[in-house]
Amino acid sequence: MLIKKPADIKSSAITSKELFLSRRGFLVQAAIAGAAVAGLAAPDFLLPSEVHAGEKLAKVQKSKLSIDEKQTPLKDITTYNNFYEFGTDKYSPAQYAKSLMPRPWTVAVEGEINKPKRYDIDELMKLAPLEERIYRMRCVEGWSMVIPWIGFPLNALIKRAEPTGKAKFVEFTTLLDPKQMPEQRSRMILDWPYIEGLRIDEANHPLAILGVGLYGETLPNQNGAPIRIVVPWKYGFKSIKSIVKIRFVEQQPMTTWMKAGPTEYGFYSNVNPEVDHPRWSQATERRIGEFLKRKTLPFNGYGDQVASLYSGMDLRKYF
């Protein structure tokens, strides 16, 4: 999810001062980055030791909507990801997200609905049975994973909220707390808080879920604890993490990456191998753990389920 070119970001905003001054730390990061470029997992001794989320989630059902592909190992999922509130290096979130406190946590549901409410996270997790959804995840940067998420359909919350006829879009907002999310102290990278959105028919689609865990456990901080969106047919940055507000609105929301780079990151951001990013091709991807690249599938392989949502739309214009 790169927006800024290297020259646009000061080194202090990318790497902590301590790491920047540490020759050993620099070499470690270089070795990790080399492994990532090759699409391979970094050696264990280079990775943060804590990769497990913690609590097991009970009574999780298997979903028929899961794919049958080799799953990305837990260590890779939890140590290689983007969460810019904790740093722009992909290994930073695993190191610095320990400051996030996922309990207590509430999510405000408001806007053009009949039943606004502020939910405690534990109450929210009981709105529908939890399911394991094994989904592909395709990052806009050209790498991908297969992740066994735990969550429940977003449409269960939407039904409970009872949207009015004015609700055309759903806007999601991440926690804004620089004490817990240290990179929010600077607006050099993004304009905080992180905001994303979906058209209401997209949000109601059965594939869109509220994710609360992975690999059978509650979400690790670095992967968006305690609750996030997962929309597998879109680039990964659309699946907003650590949500504190869900708002139903009449107008299309201005999302964070649209605001930062409107010619590079559109509102829809559907995975589309025929529409390149202005600075790189989207035709192929490198699955983490594999050496060779593979072809990227339209809608990330979920076209049969979601293509009808965009019938008649010019997907080059509405990218």
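The values are calculated or read from the model by the stated rules, or taken from the named source; none is laboratory data. Note that the structure is a prediction, hence the values are computed from the model and not measured. No Cβ is skipped: glycine too gets one built from the backbone with ideal geometry, and neighbour counts run over all protein chains shown.
Please note which helices (runs of 4 or more DSSP H) are completely contained in the stretch 89-166 and include at least 3 residues that are surrounded by 20 or more Cβ atoms within 10 Å (Cβ to Cβ). Walk me through it before giving the result.
Numbers: elements: 92-96, 121-124, 154-161.
Correct list: 92-96, 154-161.
Can we say VAL146 is within 16 Å of ILE243 (Cβ to Cβ) and touching a residue at least 12 places away in the same chain (Cβ under 8 Å)? Give the steps one after another, and end with the answer.
On the way: within 16 Å of ILE243 (Cβ to Cβ): no; touching a residue at least 12 places away in the same chain (Cβ under 8 Å): yes.
Against the criterion (within 16 Å of ILE243 (Cβ to Cβ) and touching a residue at least 12 places away in the same chain (Cβ under 8 Å)), VAL146 does not qualify.
Would you check if PRO226 is crowded, with 21+ Cβ neighbours inside 10 Å, in contact with a His (Cβ under 9 Å, 6 or more places away or on another chain) and either more than 26 Å from VAL275 (Cα to Cα) or without any contact (Cβ under 8 Å) to a residue 24 or more places away in the chain (or both)?
no
Determine, yes or no, whether LYS159 is in contact with an Asp or Glu (Cβ under 8 Å, 6 or more places away or on another chain), farther than 24 Å from PHE299 by Cβ and at pLDDT 95 or above. Spell out the reasoning first.
On the way: in contact with an Asp or Glu (Cβ under 8 Å, 6 or more places away or on another chain): no; farther than 24 Å from PHE299 by Cβ: yes; at pLDDT 95 or above: yes.
Here the answer is no, as LYS159 does not meet what is asked.
I'd like to check something: does the stretch 170-178 contain any residue that is more than 20 Å from ARG103 (Cβ to Cβ) and aliphatic (A, V, I, L, M)?
Looking for residues that are more than 20 Å from ARG103 (Cβ to Cβ) and aliphatic (A, V, I, L, M), one finds at least one in the stretch 170-178, hence yes.
Pull up the stretch 240-292, narrow it to residues that are free of Cβ contacts under 8 Å to residues at least 40 places away in the same chain and under 19 Å from TYR84 (Cα atoms), then point me to the one that is farthest from the chain's Cα centre (by Cα).
Looking at the filtered set, the residue picked out is PRO262.
Return only the number of the condition from (1) over 26 Å from ILE195 (Cβ atoms); (2) of a type in the set (Lys, Arg); (3) loosely packed, with under 15 Cβ neighbours inside 10 Å; (4) at pLDDT 95 or above that ARG23 does not satisfy.
Failing condition for ARG23: (4).
Would you mind stating whether MET188 is within 24 Å of MET258 (Cβ to Cβ), assigned to a strand (DSSP E or B) and in contact with a helix residue (DSSP H, G or I) (Cβ under 9 Å, 6 or more places away or on another chain)? Spell out the reasoning first.
Details: within 24 Å of MET258 (Cβ to Cβ): yes; assigned to a strand (DSSP E or B): no; in contact with a helix residue (DSSP H, G or I) (Cβ under 9 Å, 6 or more places away or on another chain): yes.
In short, no.
Of all residues in the stretch 68-88, count the ones that are within 16 Å of GLN184 (Cα to Cα) and in a loop (DSSP other than H, G, I, E, B). Let's see the steps before the verdict.
First pass over the stretch 68-88, keeping only residues within 16 Å of GLN184 (Cα to Cα): 82-88.
So of that shortlist, the ones also in a loop (DSSP other than H, G, I, E, B) come out as 82-83, 87-88.
Within the stretch 68-88, residues that are within 16 Å of GLN184 (Cα to Cα) and in a loop (DSSP other than H, G, I, E, B) number 4.
Would you confirm, using the coordinates I've provided, whether LEU65 is at pLDDT below 95, assigned to a loop (DSSP other than H, G, I, E, B) and either hydrophobic (A, V, I, L, M, F, W, C) or within 30 Å of LYS295 (Cα to Cα) (or both)?
On the way: at pLDDT below 95: no; assigned to a loop (DSSP other than H, G, I, E, B): yes; either hydrophobic (A, V, I, L, M, F, W, C) or within 30 Å of LYS295 (Cα to Cα) (or both): yes.
No.
Can you run down the residue pairs with Cβ atoms below 8 Å, 6 or more apart or on separate chains, where the first is in the stretch 169-184 and part of a loop (DSSP other than H, G, I, E, B) and basic (Lys, Arg) and the partner is surrounded by fewer than 17 Cβ atoms within 10 Å (Cβ to Cβ) and at pLDDT 95 or above?
Matching pairs, first to second residue: LYS179/SER99.
Inspect all residues belonging to the stretch 257-269 and state whether any of them is surrounded by fewer than 21 Cβ atoms within 10 Å (Cβ to Cβ), of a type in the set (Asp, Glu) and within 23 Å of ARG187 (Cα to Cα).
yes
Quick test for you: out of LYS179, LYS159, pick the one residue that is closer than 23 Å to GLN251 by Cβ and of a type in the set (Lys, Arg). If you could, list the steps in order and put the result at the bottom.
Details: LYS179 fails: closer than 23 Å to GLN251 by Cβ.
Exactly one of LYS179, LYS159 is closer than 23 Å to GLN251 by Cβ and of a type in the set (Lys, Arg), namely LYS159.
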